[in-house]
Amino acid sequence: MSRRFRVLAVDDENDILLILRTSLRDDYDVTTASNGPEALQKIQDEMPDVIILDMMMPDMDGIEVLEELRRDPATAALPVIFLTGVSDRAKIREALDKGTSFYITKPFSHRDLTSKVEQALREGRNATS
């Protein structure tokens, strides 16, 4: 039996983390973090296959987390999906320019979320093979 892909969901809203865990648990092993520093620690402890990341968080926002990931060769190619309430075009462009795989705005549909996770995993596997 092949191992299940690991998803790290990062959001400062517990309701969103619960929705993500519930939406994805049938197909993926889902771990959560409620802020950027906690996410970076969890990534060091056990590398996920894809990260779902909120943009607006206290202490360290999603862009800062993404920049940290892209600086480290071990996580530079790790697929990151922004899931956020921010729909400002300049912020979306900044996230894409800094290397996010996809950008989903809240509220989101289960179908859109799972489609983006599957696509990010495919692209991540292609980047490492």
Checklist outcome for this item: About its Cα centre, segment 6-124 carries a charge dipole, from +1 on Lys and Arg Cβ atoms and -1 on Asp and Glu Cβ atoms, whose size in debye to the nearest 20 is 420
Item to check | Dipole-positive endmost among MET47, LEU66, THR114 within the chain (Cβ charges, Cα centre) | outcome: THR114
Checklist outcome for this item: The set of residues whose placed amide H lies less than 5 Å from the amide H of VAL80, leaving out same-chain residues fewer than 5 positions away, is ILE51, SER101, PHE102
Item to check | Per-residue HN-Hα couplings for segment 33-48 [Karplus 6.51, -1.76, 1.60; θ = phi - 60°; Hz; x = Gly/Pro] | outcome: 9, 9, 7, x, x, 5, 4, 4, 5, 5, 5, 5, 5, 8, 4, x
Next on the checklist: Only sites in a loop by DSSP and with at most 10 other Cβ atoms within 10 Å count here; which trypsin sites (Lys or Arg not before Pro) in segment 1-72 make the cut?
Outcome noted: ARG3
Checklist entry - Rounded if a/c is under 1.5, else prolate if a/b beats b/c, else oblate: with a ≥ b ≥ c from the C-alpha gyration tensor eigenvalues square-rooted, which is segment 1-74? => result oblate
Checklist outcome for this item: Under the Karplus relation with 6.51, -1.76 and 1.60 and θ = phi - 60°, whole-Hz ³J(HN,Hα) for segment 51-58, x at Gly and Pro, equal 10, 9, 10, 6, 7, 9, 9, x
Item to check | Taking all pairs of distinct alpha-carbon atoms in the chain, Kirkwood radius in angstrom | outcome: 14.4
Checklist entry - Counting each DSSP H run of 4 or more residues in the chain as -39500 (n - 2.57), what helix-only mean residue ellipticity at 222 nm follows after dividing by all residues, to the nearest 500 deg cm²/dmol? => result -14000 deg cm²/dmol
Checklist entry - Would you list MET47, MET57 from fewest to most Cβ contacts within 10 Å? => result MET47, MET57
Item to check | Sites ASP88 and ASP112 - FRET efficiency at Förster radius 22 Å, r taken between beta-carbons, to 0.05 | outcome: 0.70
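Computed from the coordinates by the stated procedures, all read-outs in this text should not be read as laboratory data. All figures in this text were calculated on a predicted structure; none of them were measured in a lab. Because the Cβ atoms are built from the backbone with ideal geometry, glycine has one as well, and the counts that use them run over all protein chains shown.
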